[in-house]
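The values are calculated or read from the model by the stated rules, or taken from the named source; none is laboratory data. A quick note: this is a predicted structure, and the numbers were derived from the prediction, not measured. Counting neighbours? That spans all protein chains shown, and the Cβs are built from the backbone with ideal geometry, glycine included.
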Amino acid sequence: MEWYVIGSVAALLTSFGFAPQVVKMWRTRTVRDVSPVTFLQFFVGSGLWMLYGINMRDPIIIAANVVSLIIVVAGLLLYLRFARTNGAHR
């Protein structure tokens, strides 16, 4: 039982790992110090982890990475939007 709790807490922490960056991008409307490569790398990694979770039939891994993918996609969309408006380098 304790491993289920540890796995759930780890999944929550990593799933929402990029949320503060996405919120900051939204509030400041700037992406000058943000690397799009980081978001792309995390997107691919989360996608692969989700596929792994599906293969293993592990709902914690699947759910955690669905949340991660949603947050990362939001970050990528904000990056694309604000990079055009404030001249961030791609």
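Some points to look at:
- Meets criteria (surrounded by 14 or more Cβ atoms within 10 Å (Cβ to Cβ), touching a Pro at 6+ places or on another chain (Cβ under 8 Å) and either at pLDDT below 95 or on the phi < 0 side of the Ramachandran plot (or both)) for Gly7: no
- Residue check for Ile60: modelled with pLDDT of 95 or more and either surrounded by 13 or more Cβ atoms within 10 Å (Cβ to Cβ) or assigned to a helix (DSSP H, G or I) (or both): no
- Residue in the stretch 12-36 that is surrounded by the most Cβ atoms within 10 Å (Cβ to Cβ), counting only those that are under 15 Å from Arg81 (Cα atoms) and touching a Phe, Trp or Tyr at 6+ places or on another chain (Cβ under 8 Å): Val31
- Residues that are within 14 Å of the chain's Cα centre (by Cα) and of a type in the set (A, V, I, L, M), drawn from the stretch 11-31: Ala11, Leu12, Leu13, Ala19, Val22, Val23, Met25
- For Ile61, the conditions (1) within 12 Å of the chain's Cα centre (by Cα); (2) farther than 15 Å from Leu77 by Cβ; (3) touching a residue at least 40 places away in the same chain (Cβ under 8 Å) are fulfilled apart from (1).
- Phe39 being surrounded by 12 or more Cβ atoms within 10 Å (Cβ to Cβ), touching a Gly at 6+ places or on another chain (Cβ under 6 Å), aromatic (Phe, Trp, Tyr) and in a helix (DSSP H, G or I): yes
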